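Below is one structure; the comments refer to it alone.
Derivation of every value follows stated rules applied to the coordinates shown; laboratory data play no part. What you see is a predicted model, and the numbers here were worked out from it, not measured in a lab. Glycine gets a Cβ as well: all are built from the backbone with ideal geometry, and neighbour counts include every protein chain shown.
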Amino acid sequence: MDSDKIANDYEYSRQTYYELIEKGKDALDLAIEIAQQSEHPRAIEVLSGMIKNVGDVNDKLMDLNKKNKDINKNDDIPMKAEGTTNNLYIGSTTDLQRMLQDVEKIEKPTNNVIDITPRLKDE
């Protein structure tokens with residue numbers, strides 16, 4: 001339900017930004033014409049402000065897309081299954097075999113540890 005609202009809000013905001021950019025471009029064309037004909041400093045100042053505003057709306061549109069991507073990326077993260085734990089063992093395989101053998105001794109005693117010690121060629 002919330003994802004539908006987010007998607008609708010995103011599309012509405014996106015469409016609004018598109019409309020603002022298009023209207024801003026039309027207004028820029030008119031402001032350029034007025035500034036060229038009048039050569040008045042205030043008209044040129046207004047034109048530069050309008051250019052900045054249209055650029056800002058473009059940036060906001062890109063920010064909106066980035067935010068939408070971040071929201072959707074969080075939805076794609078798989079949830080961890082309950083009762084699972086990730087463990088990392090740091091040690092030798094011999095130590096791991098001995099540790100596992102100690103656990104198995106509770107059920108049935110065995111002595112199946114393979115101890116491999118590297119030997120130098122000179123030995």
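Taking R0 as 25 Å, what's the FRET efficiency between ALA7 and ASP59 from their Cβ-Cβ distance, rounded to 0.05?
E(calc), rounded to 0.05, equals 0.65.
Over the Cα atoms of the range 2-76, what Rg and Dmax result, in angstrom?
16.9, 56
Set the Förster radius R0 to 22 Å, insert the Cβ-Cβ distance between ARG14 and VAL46 as r into 1/(1 + (r/R0)^6), and round the FRET efficiency to 0.05.
0.20
Which ³J(HN,Hα) values, rounded to whole Hz and listed in residue order, are derived for the range 33-40 from phi using the Karplus coefficients 6.51, -1.76 and 1.60 in 6.51 cos²θ - 1.76 cosθ + 1.60 with θ = phi - 60°, glycine and proline given as x?
With coefficients 6.51, -1.76 and 1.60, one gets 4, 5, 5, 5, 6, 8, 6, 7 Hz.
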